[in-house]
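Engineer: Input: one structure, supplied below.
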Amino acid sequence: MKSSLSRFSAQWGLCACAALIALGAATSAQAQWKWRDANNRVQYSDLPPPNTVPESAILQRPSGARRAAAAPQFTPAASGTAAAPEAAASSAGTDPELEARRKKAEADKAAAKKAEEDKANATRADNCKRARGYLQAIEEGQRMARVNDKGEREVYDDKIRAEEGKRAREVIASECK
């Protein structure tokens, strides 16, 4: 009884594996390109055919798939101004939607960079204004104090005023441009 049960389980397991493999093969076969090459042989691939294959030779394509635009045939145009934008767009082989997204991404990136620069310039201008005010207060001799690393209050003497004035001038030199 036990051997017939294990044989039955093995058969079902084998059938299940076969079904999964068949299902996988069926779904991958649906995403295939099919076309006739220059020698009139049918070709299959998961990649689109080369641009040298004419549109009429494509027998099957995956649903929703589009082939990249083929390189245009250059013929002399009577009026070069009207055909120039179309020729430029088709020679690049780009999708107009994709090109619009790329341009929007570049514009967004440039806008973000400009906003970052504006923010840095505003911060620099604020630092400059504060440093100039601090330097003016030091030079006018206003009574000032700071807290040292021990937590004690130190009133500015001539030595501290000179150090702080030098530091303020360095900040002004770097930030006020």
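Since every read-out is calculated from the coordinates, none of them should be taken as a lab result. Everything numeric in this text was worked out from a predicted model, so none of it was measured. Cβ atoms come from the backbone with ideal geometry, glycine included; neighbour counts cover every protein chain shown.
Engineer: Residues in the range 117-127: is at least one closer than 14 Å to CYS176 by Cβ, without any contact (Cβ under 8 Å) to a residue 12 or more places away in the chain and over 38 Å from the mean Cα position of the chain (by Cα)?
Structural biologist: no
Engineer: Limited to the range 130-165, what total is found for residues that are assigned to a helix (DSSP H, G or I) and either surrounded by 12 or more Cβ atoms within 10 Å (Cβ to Cβ) or over 47 Å from the mean Cα position of the chain (by Cα) (or both)?
Structural biologist: Qualifying residue count for the region: 18.
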